[in-house]
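Following: one structure in structure tokens, then a few remarks.
The values are calculated or read from the model by the stated rules, or taken from the named source; none is laboratory data. Since the model is a prediction, treat every value here as computed from it, not as a measurement. Neighbour counts are summed over all protein chains in view; Cβ atoms, including those assigned to glycine, are modelled from backbone coordinates with ideal geometry.
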Amino acid sequence: MTVLYSCPFVPAEWIAAHGLRPSRVTVRPAHATAPGLGVGVCPYANAFLQEVSVPGNGAAVVFTTTCDQMRRISERMDPGQPVFVMHVPTTWQTTAAQRLYRDELLRLGRFLEGLGGRPPSPERLADTMIAFDEARAKLRDARGALSPRQFSEAIAHFHHTGQVSLPANATPASSPGVPLALAGGPMMSHHFDLFDLIEQHGGAIVLDATTTGERSLPPPFDRRALRDDPIGELAGAYFGHIPDAFRRPNSRLYTWLRDAVAERGIRGIILRHYLWCDTWHAEVQRMREWDLVPVLALHAEQDESLGIRTTARLQAFLEMLL
Amino acid sequence: MNRTPEQISLHEWDRLHDDLVAAGLPQPSYGGPLSRHVPDGDLRLPRLRYDNSPAALRLWNFLLTEEDRLAAARTEGKQLVGTMKDLGTVPVMAYSSPSLVAFYPDGAWWIPCVMELSAGLLEVADSLGIDESFCPVRAMLGAFLTEAHFPIPDLLTCNVGATCDDFSAIAQRLNGLGYPILWWESPHRRAPDPGEASVELPGGFVAPEAQVAFVHDELERVRRALAHIAGRTITDAMLAEGITTANKVRSTLDELRRLAYAAEPCPMPALEMLIAEMLAIHFCSDRDECLAVLDELLAEVRSRVDAGLGALAGGAVRVFWVNPVADLRVMNMLEQAGGRICGTEYLFCHALDPIPEDLPPMEALARMALADPMTGPTADRADRICRDIGLFGSEAVVVSQIPGASHCATEGAVIRDTVGARLGIPVTEIEVPPVADAMAPTIRNRLDALLETARARRETLSATHEPVRTTT
């Protein structure tokens, strides 16, 4: 059985170790609002709901609480489809929050068993974690050899399928553009065109800090700890290290960005947020005031085709940086 | 003085106030004519209709003088605690210490309404990147930065986790501006798994014991922080006493709601009842006076019910209201359209339910916090709404959407579907901005349509001698 989800705090290896197929969905745009959703619904949440609630697809769906709309939209699923809502703590500085995340993983495990999954032995879990760890290492190693778009699409493909599939026609940027970071929530399938547009205007995304991209990859596991306490290592790597805007406080996101900006010589940040996404929207002005590098905010719409306004704003931003 | 209960204008209240004072009406220290608040900027007041009882006058004056009480508390050397988002839990803890006064910075969301946008708070929020796509509670940012509406608290707490993204994001923005915040977490309340130990929460929801234990530990962190600024331990005995007093407020309010929402004709208008319910969240910065204000209001309602008198005409359509309105005037609008409030769920029903007194106090508070309707599925909320509709005999439901609020995009349909399927009563959704004057014709049209539908249903049921179906 396939287990669909979109949140980076759901560890794929935990699902795979239970013998089920994890798939962090790359959502396609939806062209209408799903029944029962009103004004103010996030375009991504709407599209995700329509992507995963296909009658008869036989898949289970995991929602999390990192986004209020995604949590609530779980109630609009067909009652016949298995649904699990995982609480990912917003706070992170207490041992209680860390323990709660681990307990939620164990509860997710019981849900997976209910779907026919087998509880993994520590060895099986550790082996699965190593396999995913190696796949992520392979992805990270490919960063310089691929174009920014190819790299981000390869990460999204890995999330979606569990497979690392690097393009045969790897095309690293021919001329180095202005190094930029792309930050924000999850990308939809058609949003990757943005990479091309940026490149056309003289920029290059050297850090994909969206929820779909590099930011949401957990760090490499500690191999010794992994053998001693695999579930503890899994929880620590995901909950303890993935920076995100929803966390309270979300200072780690800024620390992580600051380090990445320095390491990769980033000269500007493009922050994309969906209309009605309070979590990322609220960071736009703060990130500007942070004054590390210039910030350009872009709305990411459900039916976004990279229109004249986006193009013009990007162009102006890059002209300023060139 | 014998007065017939009715709704009157601000101007009429001033004349009545003078008459009452001349007749010897005793007034609290914060008493006086309501219109004196208008030069302070409360420009909405002349556009509202008020109940004409001295109890209502005291209620309004109590509400509109909170800032003075906070300033006085600071002068007396008390420590101020801003309790954000939890709507009723941390204030009970704070008031258990004589050195602390809690208030509710989120309450600033009504300032744009009460001051008819003249305070510029939304503009401050705009300038901080928190625009109109956020809930009107963004006004709180402006209130912090201007320091013109409440003193900056000595401790700020904020409930996060399974709450709403608007508030969490706005509080994070505040934190990013340099205001330290103690974050405490509520997990998404879920149904217990088969075989999992569970407990019943105040209000009837059920939650796993493990979730209650988690919230208990979170509240222990809050207790330590409160004790730190109070300069002394807050013992279980102090908390137990605090819970007992909070329950006095809640039981007074409970009786008030039962009388005001069930009696025919309606003995107390919607606006005064909305304010009375709000007091339960944080006691409007003076717990003892809050109880006295509610006691007087209850006495007034009792006497009206005993005399068969109402502030509204009899036969009004009995409406259950979901979510607080950003513009207070809309509550008047419902009554002008021929409706009356018979049941509410203003997103803080957990602040109205009695806190268990037969449990260790922190356990009782944890259960109460987890009963917050925001933390659980909307289906739970809809269940409770159906139950309360049965209690109050409501004939129609208004789901009042809060512009930009993250929970509003999905909850309306869940509530509508549940209420429709179980009770068959009409439901409408309206959206109410902080100053709804431009939207008034649209809102009024929707309310008229709802009330007409409810009246038609009432006539049909009456013709067929069927009782109005209001039980789940």
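If you go through the stretch B:217-233 one residue at a time, do you hit one that is within 30 Å of residue A:110 (Cα to Cα), at the interface with another protein chain (Cβ under 9 Å from one of its Cβ atoms) and modelled with pLDDT of 95 or more? Taking every residue of the stretch B:217-233 in turn, at least one turns out to be within 30 Å of residue A:110 (Cα to Cα), at the interface with another protein chain (Cβ under 9 Å from one of its Cβ atoms) and modelled with pLDDT of 95 or more. Does residue B:210 fit the bill of being at negative phi and in contact (Cβ under 8 Å) with a residue 24 or more places away in the chain? So residue B:210 fails the test.
Taking the criterion of being closer than 20 Å to residue B:94 by Cα and of a type in the set (Gly, Ala, Ser), the residues of the stretch B:198-232 that qualify are B:225, B:227, B:230, B:231. When restricted to residues that are in contact with a strand residue (DSSP E or B) (Cβ under 6 Å, 6 or more places away or on another chain) and of a type in the set (D, E, K, R), the stretch B:419-454 contains 3. Restricting attention to the stretch B:416-430, the residues that are more than 11 Å from every other protein chain (Cβ to nearest Cβ) and at negative phi add up to 10. Here residue B:163 meets each of (1) modelled with pLDDT under 95; (2) surrounded by fewer than 24 Cβ atoms within 10 Å (Cβ to Cβ); (3) facing another protein chain (nearest Cβ under 8 Å) with one exception, condition (2). Flag set for residue B:405, criterion: within 14 Å of another protein chain (Cβ to nearest Cβ), in a loop (DSSP other than H, G, I, E, B) and in contact (Cβ under 8 Å) with a residue 60 or more places away in the chain.
Against the condition at pLDDT 95 or above and buried (at least 21 other Cβ atoms within 10 Å of the Cβ), how does residue B:170 come out, does it pass? Here the answer is yes, as residue B:170 does meet what is asked. Taken over the stretch B:382-402, the criterion of being within 12 Å of chain A (Cβ to nearest Cβ) and either part of a loop (DSSP other than H, G, I, E, B) or in contact with an Asp or Glu (Cβ under 7 Å, 6 or more places away or on another chain) (or both) is satisfied by B:399, B:401, B:402.
Within the stretch A:54-65, restricting attention to residues that are closer than 11 Å to residue A:5 by Cβ and within 10 Å of another protein chain (Cβ to nearest Cβ), the residue that is surrounded by the most Cβ atoms within 10 Å (Cβ to Cβ) is A:63. Kindly check whether there is at least one residue in the stretch A:192-213 that is of a type in the set (A, V, I, L, M), surrounded by fewer than 22 Cβ atoms within 10 Å (Cβ to Cβ), at pLDDT below 95 and part of a loop (DSSP other than H, G, I, E, B). No: the stretch A:192-213 contains no residue that is of a type in the set (A, V, I, L, M), surrounded by fewer than 22 Cβ atoms within 10 Å (Cβ to Cβ), at pLDDT below 95 and part of a loop (DSSP other than H, G, I, E, B). Residues in the stretch B:418-436 that are in a helix (DSSP H, G or I) and in contact (Cβ under 8 Å) with a residue 12 or more places away in the chain were compared, and the one that is nearest to residue B:333 (Cα to Cα) is B:419. Of the residues making up the stretch B:242-298, just one is surrounded by fewer than 18 Cβ atoms within 10 Å (Cβ to Cβ), among the basic types (Lys, Arg) and over 24 Å from residue B:322 (Cα atoms), namely B:248. Looking at the stretch B:190-203, can you tell me whether even one residue there is within 30 Å of residue A:274 (Cβ to Cβ) and at the interface with chain A (Cβ under 10 Å from one of its Cβ atoms)? Looking through the stretch B:190-203, at least one residue is within 30 Å of residue A:274 (Cβ to Cβ) and at the interface with chain A (Cβ under 10 Å from one of its Cβ atoms).
Considering the stretch A:182-212 alone, what residues qualify as being touching a strand residue (DSSP E or B) at 6+ places or on another chain (Cβ under 7 Å) and either among the charged types (D, E, K, R) or under 11 Å from residue A:148 (Cα atoms) (or both)? Residues satisfying the conditions are A:182, A:195, A:198, A:203, A:204, A:205, A:206, A:207, A:208.
Any residue in the stretch A:26-33 that is hydroxyl-bearing (Ser, Thr, Tyr), within 14 Å of chain B (Cβ to nearest Cβ) and within 20 Å of the chain's Cα centre (by Cα)? Checking the stretch A:26-33: not a single residue is hydroxyl-bearing (Ser, Thr, Tyr), within 14 Å of chain B (Cβ to nearest Cβ) and within 20 Å of the chain's Cα centre (by Cα).
The requirement of being more than 11 Å from chain B (Cβ to nearest Cβ), surrounded by fewer than 21 Cβ atoms within 10 Å (Cβ to Cβ), among the polar types (S, T, N, Q) and touching a residue at least 24 places away in the same chain (Cβ under 8 Å) is fulfilled somewhere in the stretch A:38-53, by at least one residue.
Comparison of A:275, A:306, A:298, A:314 shows that the only residue that is at the interface with chain B (Cβ under 10 Å from one of its Cβ atoms) and either in contact with a strand residue (DSSP E or B) (Cβ under 9 Å, 6 or more places away or on another chain) or modelled with pLDDT under 90 (or both) is A:275. Selection of the stretch B:275-308 for residues being of a type in the set (Gly, Ala, Ser) and either assigned to a helix (DSSP H, G or I) or modelled with pLDDT under 95 (or both) yields B:276, B:280, B:285, B:292, B:299, B:303, B:307. Hey, among B:102, B:119, which residue is buried (at least 24 other Cβ atoms within 10 Å of the Cβ), in contact with a Pro (Cβ under 9 Å, 6 or more places away or on another chain) and more than 14 Å from every other protein chain (Cβ to nearest Cβ)? Residue meeting the stated conditions: B:102.
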